[in-house]
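So the structure is just underneath, and the comments pick up after that.
The values are calculated or read from the model by the stated rules, or taken from the named source; none is laboratory data. Here the structure is a predicted model, which is why all the values come from computation and not from measurement. Please note: Cβ atoms are built from the backbone with ideal geometry, for glycine as well, and neighbour counts cover all protein chains shown.
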Amino acid sequence: MAKRRGRPPHDDLLTPAEWRTVNAVRHGLTNQQIADRRGISLDAVKYHVANAIAKLGVRNRKALKSWAGSHKDSYLNTEATVMNDDAKYFGVGQISRSVADIAAAESWYRDVLGLDHLYTFGDLAFLDCGGTRLMLSQAEDKPDNESIIYLRVPDIDAAHKRLTGNGVEFINAPHMIHKHDDGAEEWMAFFSDPEGRPLAIMSVVGSTES
């Protein structure tokens, strides 16, 4: 029997590359930003986006941004719900701040203020501030909204559905923004308060933090 050419079929809705692209789209990144961050060509990103739209049956890129779903092996699909009222908040999980020089800012917050450095990923640095995570992100221009409050929830899908039912209009669907070396997944979804200031719900699954 002749061997089948090409890559083996995937037993999931999307391929791993398509999932990474979809999560980046849901996070609000442009095709060029996705290409730059992943080190792939712009045409490759466009190819993944087009494939995902076709496979998921959504109308366009805008609809893809609001599509709620997770890959087959995600902890969101394998872990039991943590508590009965799984939309309650654990507290503030993260606050973000933009900086002009990520290396200098990381050094100052770590060595001068004495915050514990957690890890650095590209132009993002994460430090612990008494149990609340501080995210420093490098930006050329100071944004209009300086800080985002990230509310930790045990079940991001349940929280997303509950808040949507309460009239909250989310900017994007829950999506995985990072997978740690130990397999832990970080999921987020963004929305605004009545005055247009940014908020997010976040969940870390697959580790003792979840």
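Structure notes:
- Entry remark, segment 121-141: residues being of a type outside the set (Phe, Trp, Tyr) and more than 19 Å from residue 33 (Cβ to Cβ) number 8 in total.
- Qualifying positions in segment 17-31 - in contact (Cβ under 8 Å) with a residue 60 or more places away in the chain and not in a helix (DSSP H, G or I): 27, 28
- Where residue 66 falls short, out of the listed (1) among the hydroxyl-bearing types (Ser, Thr, Tyr); (2) touching a residue at least 60 places away in the same chain (Cβ under 8 Å); (3) more than 24 Å from residue 201 (Cβ to Cβ): (3)
- Number of residues in segment 96-131 that are touching a helix residue (DSSP H, G or I) at 6+ places or on another chain (Cβ under 8 Å) and in a loop (DSSP other than H, G, I, E, B): the value is 3.
- In this structure, residue 59 does not qualify as out of contact with any Phe, Trp or Tyr (no Cβ under 6 Å at 6 or more places or on another chain), part of a helix (DSSP H, G or I), among the charged types (D, E, K, R) and modelled with pLDDT of 90 or more.
- Candidate set: segment 108-136, residues that are small (Gly, Ala, Ser) and at pLDDT below 90; chosen: the one surrounded by the most Cβ atoms within 10 Å (Cβ to Cβ): 122
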